[in-house]
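Here the structure is laid out as structure tokens; the discussion comes afterwards.
The values are calculated or read from the model by the stated rules, or taken from the named source; none is laboratory data. No experiment lies behind these values; they were computed from the predicted model shown. A quick note on method: Cβ atoms are made from the backbone with ideal geometry, for glycine too, and the neighbour counts reach across all protein chains shown. Each accessible area value is taken on the protein alone, full model and side chains, heavy atoms only, with ligands, DNA and RNA left out. Shrake-Rupley method; radii C 1.70, N 1.55, O 1.52, S 1.80 Å.
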Amino acid sequence: MAAVGDEVSGAEARRIALGAQGFGELRGRGDVRRVRKAVQRAGVLQLDSVNVLCRSHYLPVFSRVGKYSRAGLDKMSWGADRELFEYFWAHKAALLPLTTYPLMRWRMRAAERQVWDEELSPDVTAPWSVVAGMRRLTAERPGYVDQVLRLVTEQGPLTAGEASPDGVRRKRSEPHPDPTTGTMWNWQDAKIAIEYLFCAGVVTIAGRRHFERIYDLTERVLPADVLNAPEPTADEARRELVGIAARGLGIATLKELCGVSGRGHFPLPTANGREVVGELVEAGELIPVRVEGVKQQAYRWHEAKDRPIDAQALLSPFDPLIWNRDRTHHLFDFFYRISIYTPAPQRIHGYYVLPFLLGDQLVALVDLKADRQTSTLVIPTLTPEPAAPDFVEQLAAEVHLMADWLDLEHIAVPANGATARALSEALG
């Protein structure tokens with residue numbers, strides 16, 4: 001079926017998307033109010049363990065507000081007066097505003113049921129590593145999950161390693177007990193059990209120690225007013241979650257809003273997603289539009305505005321603006337793939353590569369590394385986009401700002417090429 005609605009040019013769609021994510025606004029020193037606003041605009045801060053530059057969840061806030069306190073964001077995430085909580089965006093670990101917690105309760109129950117119900121999609125609720133691991137544990141070690149929960153109740157907060165009731169650990173030399181999860185996700189049994197309890201909302205993340213999760217009973221971690229807030233029905237929660245995605249994206253297809261395979265913000269089964277989007281269209285909150293160069297039906301959030309964007313930012317590979325690579329391609333005509341899982345000989349643009357946003361265009365791929373031993377921000381590779389405008393002066397300013405924010409004293413540009421040499425000169 002052909003897309004319907006007014007046509008939106010590619011440039012308009014790009015500006016709408018950038019504005020919805022908070023780009024183009026005045027940057028400066030990021031106080032708590034501005035950090036809070038940036039997190040709300042992003043909607044989700046994806047967590048990732050790679051620390052070659054800095055933890056990924058810090059970067060989207062820096063891209064939007066400039067220099068700010070990472071310790072302040074830690075306090076918002078894991079402090080006594082937290083404003084964020086950890087759960088899953090799709091099957092990825094993420095920080096979400098506490099206001100989203102009641103909207104996740106139906107997913108927590110779905111995750112609990114999923115272990116026993118073959119009909120529920122693993123892409124919508126719990127990670128498959130948890131599902132497969134729990135089915136194995138139930139057969140091999142009945143009652144084990146209850147033992148783990150009892151230990152957390154009596155001794156928490158605990159790491160997954162500390163939550164083992166019997167101290168039994170699988171040795172590296174032993175065969176993986178469940179090959180369906182792949183070698184990466186063959187966790188220790190205590191890790192499987194406690195992650196299941198986390199998916200089901202029984203425990204949550206109380207904090208992090210060297211970025212390792214620390215688990216405790218949810219009732220001892222999250223504020224009582226959040227836990228006691230009225231719980232929406234599953235249908236109400238789905239509508240609100242898709243609404244949050246639509247506000248954050250500005251303009252998007254159904255897959256980009258809530259598709260399981262399209263890296264939607266809050267994935268839903270296709271039939272559910274169509275139903276929810278249809279309800280939001282009927283309510284006037286989503287407006288069907290045709291985006292230039294996009295065959296699929298697109299939808300514009302009713303409050304999203306097209307305005308000039310004068311942005312300058314280095315973007316995390318996990319930034320909500322670009323985590324859907326297909327969307328990044330059609331919005332910016334920018335082909336981007338993360339390279340951290342690519343064997344070194346096959347990498348083209350570097351290891352931890354950040355797109356550079358200038359105005360409303362992505363103009364370069366910048367490989368960045370924090371060498372903490374020498375207190376140096378290193379740029380091993382720099383790749384300009386074909387026909388990109390001159391961006392060296394602006395990139396130099398952004399690199400200086402990032403080095404200052406990360407408390408790095410030096411900047412080095414071992415990258416080859418004329419643009420890299422010009423950047424090195426501009427950095428001084």
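The sole residue among 59, 73, 26, 18 that is of a type outside the set (Lys, Arg) and free of Cβ contacts under 8 Å to residues at least 12 places away in the same chain is 26.
Taking region 105-220 and the helices (runs of 4 or more DSSP H) fully enclosed by it, the elements with 3 or more residues that are under 28 Å from residue 260 (Cα atoms) are at 105-114, 128-140, 189-199. Within region 152-171, the residues that satisfy the criterion of being among the aliphatic types (A, V, I, L, M) and either open to solvent by less than 70 Å² (accessible area, probe 1.4 Å) or within 20 Å of residue 210 (Cα to Cα) (or both) are 152, 158, 160, 163. Among the residues of region 363-396, those that are part of a helix (DSSP H, G or I) and either touching a helix residue (DSSP H, G or I) at 6+ places or on another chain (Cβ under 9 Å) or among the aromatic types (Phe, Trp, Tyr) (or both) comprise 392, 393, 395, 396.
Within region 6-15, the residues that satisfy the criterion of being of a type outside the set (D, E, K, R) and surrounded by fewer than 22 Cβ atoms within 10 Å (Cβ to Cβ) are 8, 9, 10, 11.
Considering every residue within region 64-72, establish whether at least one is open to solvent by 60 Å² or more (accessible area, probe 1.4 Å) and touching a Phe, Trp or Tyr at 6+ places or on another chain (Cβ under 7 Å).
Step one: of region 64-72, the residues open to solvent by 60 Å² or more (accessible area, probe 1.4 Å) are 69-71.
Going one step further and asking which of them are touching a Phe, Trp or Tyr at 6+ places or on another chain (Cβ under 7 Å), we end up with 70.
Yes, that holds for at least one residue.
Give, as residue ranges, the strands (runs of 3 or more DSSP E) completely inside region 286-362 that count at least 2 residues that are surrounded by fewer than 22 Cβ atoms within 10 Å (Cβ to Cβ) and under 22 Å from the mean Cα position of the chain (by Cα).
In region 286-362, 311-314 are the strands (runs of 3 or more DSSP E) which contain 2 or more residues that are surrounded by fewer than 22 Cβ atoms within 10 Å (Cβ to Cβ) and under 22 Å from the mean Cα position of the chain (by Cα).
If I filter region 79-95 for residues that are open to solvent by less than 50 Å² (accessible area, probe 1.4 Å) and part of a helix (DSSP H, G or I), do I get at least one hit? No, region 79-95 contains no residue that is open to solvent by less than 50 Å² (accessible area, probe 1.4 Å) and part of a helix (DSSP H, G or I). The set of residues in region 260-285 being buried (at least 22 other Cβ atoms within 10 Å of the Cβ) and either over 16 Å from residue 103 (Cβ atoms) or over 23 Å from the mean Cα position of the chain (by Cα) (or both) consists of 277 alone. Only a single criterion out of (1) in contact (Cβ under 8 Å) with a residue 40 or more places away in the chain; (2) open to solvent by 60 Å² or more (accessible area, probe 1.4 Å); (3) not charged (D, E, K, R) is not satisfied by residue 211, namely (2).
Evaluating residue 287 against the criteria (1) closer than 24 Å to residue 14 by Cβ; (2) modelled with pLDDT under 95; (3) among the β-branched types (Val, Ile, Thr) leaves one unmet condition, (2).
Among the residues making up region 16-61, those that are within 21 Å of residue 352 (Cβ to Cβ) and either open to solvent by 50 Å² or more (accessible area, probe 1.4 Å) or in a helix (DSSP H, G or I) (or both) are 42, 49, 51, 56, 57, 58, 59, 60, 61.
Go over the candidates 71, 3 one by one and state the one that is over 26 Å from residue 407 (Cα atoms), small (Gly, Ala, Ser) and more than 14 Å from the chain's Cα centre (by Cα). So the residue among 71, 3 that is over 26 Å from residue 407 (Cα atoms), small (Gly, Ala, Ser) and more than 14 Å from the chain's Cα centre (by Cα) is 3. Residues that are more than 17 Å from the chain's Cα centre (by Cα), open to solvent by less than 10 Å² (accessible area, probe 1.4 Å) and farther than 12 Å from residue 299 by Cα within region 230-259 comprise just one, 237.
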